[in-house]
1. Restricting the search to segment 266-292, which residues are within 18 Å of the chain's Cα centre (by Cα) and not in a loop (DSSP other than H, G, I, E, B)?
2. Hey, among the residues in segment 12-48 that are under 15 Å from Thr61 (Cα atoms) and touching a residue at least 40 places away in the same chain (Cβ under 8 Å), which one's surrounded by the fewest Cβ atoms within 10 Å (Cβ to Cβ)?
3. With respect to Leu203, is the statement that it is touching a helix residue (DSSP H, G or I) at 6+ places or on another chain (Cβ under 8 Å), aliphatic (A, V, I, L, M) and free of Cβ contacts under 8 Å to residues at least 60 places away in the same chain true?
4. State all residues of segment 301-313 that are exposed (fewer than 14 other Cβ atoms within 10 Å of the Cβ) and closer than 15 Å to Gln23 by Cβ; if no residue qualifies, say none.
5. Has segment 249-259 got at least one residue that is surrounded by fewer than 14 Cβ atoms within 10 Å (Cβ to Cβ), in the same structural domain as Asp213 (by TED's automatic domain parsing) and closer than 22 Å to Gly74 by Cβ?
6. Out of all the residues in segment 1-17, which are hydroxyl-bearing (Ser, Thr, Tyr) and in a loop (DSSP other than H, G, I, E, B)?
7. Quick check on Gly95: is it surrounded by fewer than 19 Cβ atoms within 10 Å (Cβ to Cβ), among the small types (Gly, Ala, Ser) and touching a residue at least 40 places away in the same chain (Cβ under 8 Å)?
8. Residue check, His69 against (1) in the same structural domain as Asp32 (by TED's automatic domain parsing); (2) free of Cβ contacts under 8 Å to residues at least 60 places away in the same chain, all met but one. Which one?
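The values are calculated or read from the model by the stated rules, or taken from the named source; none is laboratory data. Because the structure is a prediction, the values reported are computed rather than measured. FYI the Cβ positions are ideal-geometry reconstructions off the backbone, even for glycines, and counts take in every protein chain you see.
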Amino acid sequence: MPVITALTAADEQLPHIDRLRAQATVHQAVDDDSLARHLPDSDILLVTDFRTDALQQVWPTAEKLQWVHATSAGVDQLLFPALRASDVVLTNARGFFDRSIAEYVLGVILAFAKDTRGNIIYQQQHEWRHRDTETISHKQVLVVGAGSIGREIGSLCRAVGMRVSGVARTARNGDGVFDRIHATDTLAEHLPEADYVVIAAPLTASTRGLFNDEMFAAMQPNARLINIGRGPIIDTDALMRALDRGRLAGAALDVFEQEPLPAAHPLWGRTDVLMSAHMAGDFIGWREALIDQFLDNLARWLYGESLFNIVNK
C-alpha cells in the first residue's frame with residue numbers, strides 16, 4: 001500500500017479517513033516534527049495546511065515522494081525552488097471552487113449596487129432612509145485572470161446582463177464568456193472602461209503588487225474593486241490612498257497581504273470596504289468534497305492512469 005502523509009492544521013479532522021486508510025497507509029502531520037518524521041517514507045503528500053516553510057526545510061528527506069496534492073486552486077505557496085525543480089508531480093483543486101467564488105463575486109456586486117451595507121446600517125439605527133440604487137445590467141466587468149475561476153465569474157456576470165472582458169498574460173479574441181481578453185501589460189489602458197474590476201489571478205512575480213498607485217489612478221472614480229485572488233496582488237497602502245482620494249468608490253476583499261488581518265488595521269473601519277475572511281470559495285461540505293476529489297485522483301494513481309489537474313510547475 002502506498003504511504004500518504006496529510007499535512008493539516010493541528011485541530012483539523014481529516015474527512016473520509018476510513019476511505020483513505022482502505023487504500024493507503026495514512027499519517028497526519030500537524031507540526032514540523034511530525035512532518036519531518038513521516039515525509040521520508042511517504043509516496044504522496046496531501047496538503048491542506050500550507051506551511052511551506054516546514055515543507056521546504058524537510059524537502060531533502062522526501063526521497064520516496066512521487067506526488068503532492070494541494071486542496072486549493074492556488075499553489076504559489078508550495079512552489080519553492082526545490083519542489084519546482086523536482087520530478088514530483090503537483091496537482092491541485094482547480095475547478096472545485098469556481099462556482100462558489102463566482103457566486104460570491106456576483107453577491108458583492110449586487111451588495112454594492114443595492115447599497116446593502118447602507119440598509120443594514122440604517123436598520124440597526126432604526127432609521128427609514130429611502131435612496132435610489134444602481135442597476136448592474138450593461139455594466140462593464142473586467143476580470144483580471146481568465147482561468148477557470150475567472151471564466152466562471154464572467155459567465156455568471158454575463159448571465160445577469162453585464163458586459164465582461166478579461167485580462168490574461170497574452171491577448172486573444174473574445175468567446176462566449178469574454179468580449180475580449182487583453183494582455184496584462186495593457187491593463188492600465190482598459191481599467192478606465194470598467195465599472196467593476198475583479199482580481200482572479202494567481203500570485204506570481206508579475207502579479208505581486210500589480211494594483212499599485214498607477215493602476216488605481218487609471219480606474220474610474222465610481223468603480224469598485226473585488227479581490228478573490230491573492231492578497232499581495234494589491235498594494236494595500238495604495239488601495240487606502242485611492243479610497244481616501246476618491247479614486248474608486250469601494251472595494252470588496254476576501255484576501256489580504258497579511259492574514260489574518262490584524263484587528264487594529266484601518267481597513268476594518270472603512271464603510272467603503274466589504275471584507276470576508278478568505279472564504280469566498282468555501283461552502284458547507286467543502287472539506288469532504290475536496291477529499292472526494294483527491295480520492296478520485298488517487299484511484300487513477302493506483303491504476304497507473306494519468307492524474308487530472310496537474311500543475312505546470
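1. Passing the criteria: Leu274, Met275, Trp286, Arg287, Ala289, Leu290.
2. Filtering segment 12-48 for residues that are under 15 Å from Thr61 (Cα atoms) and touching a residue at least 40 places away in the same chain (Cβ under 8 Å), the one surrounded by the fewest Cβ atoms within 10 Å (Cβ to Cβ) comes out as Asp43.
3. Here the answer is no, as Leu203 does not meet what is asked.
4. Within segment 301-313, Leu302, Tyr303, Gly304, Glu305 qualify.
5. Checked segment 249-259: at least one residue is surrounded by fewer than 14 Cβ atoms within 10 Å (Cβ to Cβ), in the same structural domain as Asp213 (by TED's automatic domain parsing) and closer than 22 Å to Gly74 by Cβ.
6. Hit for segment 1-17 is Thr8, nothing else.
7. Spelling it out, Gly95 is indeed surrounded by fewer than 19 Cβ atoms within 10 Å (Cβ to Cβ), among the small types (Gly, Ala, Ser) and touching a residue at least 40 places away in the same chain (Cβ under 8 Å).
8. With respect to (1) in the same structural domain as Asp32 (by TED's automatic domain parsing); (2) free of Cβ contacts under 8 Å to residues at least 60 places away in the same chain, His69 is out only on (2).
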